[in-house]
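Okay, structure first, notes after.
The values are calculated or read from the model by the stated rules, or taken from the named source; none is laboratory data. Every value quoted in this text rests on a predicted model; they were computed, and no experiment measured them. All Cβ positions, glycine included, derive from the backbone under ideal geometry; neighbour counts span all protein chains shown. The accessibility values were calculated without ligands, DNA or RNA, using every heavy atom of the protein model including side chains. Shrake-Rupley method; radii C 1.70, N 1.55, O 1.52, S 1.80 Å.
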Amino acid sequence: MDKKTLIAKLLLLFAQAALFFPFAIHPTRNGLDPSWQYQLNLVPGSGLIFGRDLLFNYGPLGYLFLPQPIGDNLLWSWLVLGALYALTLGSSAWVLFSSRFAPLNRRWANVLAAALLLLTAELVGVYDPEYWITGTVLFLLCATLWEKRLRWPFWSALALVVFFFFVKFSTGILNVISAVLFTLAAFLLKRPDARKIAAAVVPGLPLGFAATYLLYHPSLEDMARYAYAALNISSGYNYNMSLPVTDLFYLRYIWGLLLLLLAGVCYLARRDRENLIYALLFSGPVFVLLKHSFVRGDYGHILFAGPVLFLFAAIFLLFMKTDLTDLPWRRPTLALAAALFALAVLWPMHRTVQPGSWNVLRPLAAKVRLALSLPHQLRCLDETRDQRTFFLTDEFRAAIKGGTMTVYPWEAAYYRREDEFSFRPLPVFPINSSTPYLDRYNAAFLQAAGAPDFVVLSLDAVDNQYPLINCPALWQTLLFRYEIAGDDGHNFLLRRGADRTPRWNPSVSWQVRRDEDVFLPRVENGDRLLMTVDARRSLKGRLAQLFYKIPEITMTAEFDTGETETRRVFFEVWENGVVIDALPVTDDDFRAIMAGRPRRRVRRLRFSGEGLSCYRDEMTVTLTKLEMK
């Protein structure tokens, strides 16, 4: 082995070892994302079952990727992530140094290009474990294609796919797409074992998921619910969390990078057909990744795609059939690659990296600092484990003492494990309950005989949404089964009271144009008005949902006081019926509504926004008067 080939291989292994370093401690914090992460870490040992008690995109092993020092979570996380880290580095070393891959690992230019791509990628974003382990699945599948035999890399890749279903279901689906495309590639390459591969992937992965879930919890009904709810959450995320793109520069950067990669693949496919077949493996994961990244439209989510595109490109360069040194334009290409690498160093895309210095070392230095700081963090776990700044008041704790409580919309971190009451989280994290099924499941939880005695509620909302009405079935249950027992100026303490479910009068329905004003009749004596909307997506809307996202829709509510309020809404959940005559926009509104004396009533609604064009011209509005007891 010549010196430059050895240097390229060691550089690639060093880049993987440094950038994929998996060990970290996630402290408990207040906030939206820290709250669901805290809930994941409370699940082990709690008796809560995913598919029965909890419905989420993450699964029973989700805490392994976001470990907090609760119980043995940190130990199990580091053991599992350490094993996956060893598998990733070990499989890379095996491919780079094994004689089985001699034609591949002698191509120093390909190996060097892959290493430089990985080093550059960290300037564009951050590698989370789910992404580099997804890269490991693709790496193992590519190694199987190259070796032309079904050995341990193939079976390890399938095991990782099943594993992902219990960490994060949507990432499991992404890896299933990779496995299915691998099967297609096997047939295109006319491999003699293609049928065996198809038998292992097509029925094998669903059966592996089913067998593993039934070992975890022997219930076919709950297993089906776990999968169905995760798919609901993934599709609902694309709708209720979509935002207009604000960072067009970074969006164009990612699209430019993707187009550059596609142009390179097309050129390489002309030189060798098998290059196109290898590229096929990456098409599905890249599509899903870009679709997820562009949903939110902000810098952070758009650049989720950046480092993963670099990672996929590095794997492709390593396994493609063409040696870069055989290309007729190799010198201009290497010069361009060096220029791009220097540009990334001098003017990185990542906002946390300051331009004007050799910043390619900074991400590596950050990983080294993280590794060196872990012993100190472990010695100071009491300071590391809890960085919360907001807790429940003593009055709330005294009122809940001995009972059960839940939280709406997200601040699970209010609960402390030493509290003298039980915490029962809503089955579906409220910001994810954006489909009728998920909303009804949360409502059924609060209607059951063992429902929590108390709900700690705030009117916090994300992305300019209306509080509560985007979970209409849940809001009905809170309105008719709970009452205010306390108020600390930001949170309300709701106590379960007598069932005040109203009597439903006959409904009235009519057709309106999607941009037509809806006038509401006045209701008296504390009665309520329930509104459902049947809005069907047009062909444009179905295609937008599948390939990109549905833009936002806003609703302007005009009150009898002359005031107006404009916020985002989602038509799909209106199937469950929105209590529409009075909206809990402010704390004063909520107090008055819960007391049965709304301080202002809605008299007109107007829907607007780019997302309306994704629905048919007419929609059905149904109003039902609810006579309160």
Checking the conditions here, which among 81, 87 is among the aliphatic types (A, V, I, L, M), within 31 Å of the chain's Cα centre (by Cα) and open to solvent by less than 20 Å² (accessible area, probe 1.4 Å)?
81
Do we find a residue being of a type outside the set (Ser, Thr, Tyr), in a helix (DSSP H, G or I) and farther than 21 Å from residue 159 by Cα anywhere in region 74-82?
yes
Can you confirm whether residue 61 is under 28 Å from residue 315 (Cα atoms), within 20 Å of the chain's Cα centre (by Cα) and open to solvent by 50 Å² or more (accessible area, probe 1.4 Å)?
yes
Out of the residues in region 540-577 that are of a type in the set (A, V, I, L, M, F, W, C) and modelled with pLDDT of 95 or more, state the one that is nearest to the chain's Cα centre (by Cα).
555
Per the filter on region 416-427, residues open to solvent by 30 Å² or more (accessible area, probe 1.4 Å) and assigned to a loop (DSSP other than H, G, I, E, B) are 416, 417, 418, 420, 424
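If you scan region 428-440, which residues turn out to be under 20 Å from the mean Cα position of the chain (by Cα) and part of a helix (DSSP H, G or I)? So that I can check it myself, show each step before the final result.
Looking only at region 428-440, we keep the residues that are under 20 Å from the mean Cα position of the chain (by Cα), and these are 428-439.
Within region 428-440, 430, 431, 432, 436, 437, 438, 439 qualify.
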Only one of (1) surrounded by fewer than 23 Cβ atoms within 10 Å (Cβ to Cβ); (2) touching a residue at least 60 places away in the same chain (Cβ under 8 Å) is not met by residue 114, so which one is it?
(1)
Residues of region 8-29 satisfying the condition of being open to solvent by 30 Å² or more (accessible area, probe 1.4 Å), in contact with a helix residue (DSSP H, G or I) (Cβ under 6 Å, 6 or more places away or on another chain) and not in a helix (DSSP H, G or I)
21, 23
If I ask for residues that are touching a residue at least 24 places away in the same chain (Cβ under 8 Å) and open to solvent by 60 Å² or more (accessible area, probe 1.4 Å), which ones from region 196-212 would you list?
196
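Let's see how each residue does on (1) of a type in the set (A, V, I, L, M); (2) open to solvent by less than 10 Å² (accessible area, probe 1.4 Å); (3) free of Cβ contacts under 8 Å to residues at least 12 places away in the same chain; (4) touching a Lys or Arg at 6+ places or on another chain (Cβ under 6 Å):
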| residue | (1), (2), (3), (4) |
| --- | --- |
| 135 | no, yes, no, no |
| 139 | no, no, no, no |
| 158 | yes, no, no, no |
| 168 | no, no, no, no |
| 173 | yes, no, no, no |
| 177 | yes, no, no, no |
| 185 | yes, yes, no, no |
| 188 | yes, no, no, no |
For region 478-492, how many residues are open to solvent by less than 20 Å² (accessible area, probe 1.4 Å) and within 12 Å of residue 395 (Cβ to Cβ)?
2
Step by step: first the residues of region 441-469, then only those that are aliphatic (A, V, I, L, M) and under 19 Å from the mean Cα position of the chain (by Cα), then the one that is modelled with the highest pLDDT. Which residue is that?
461
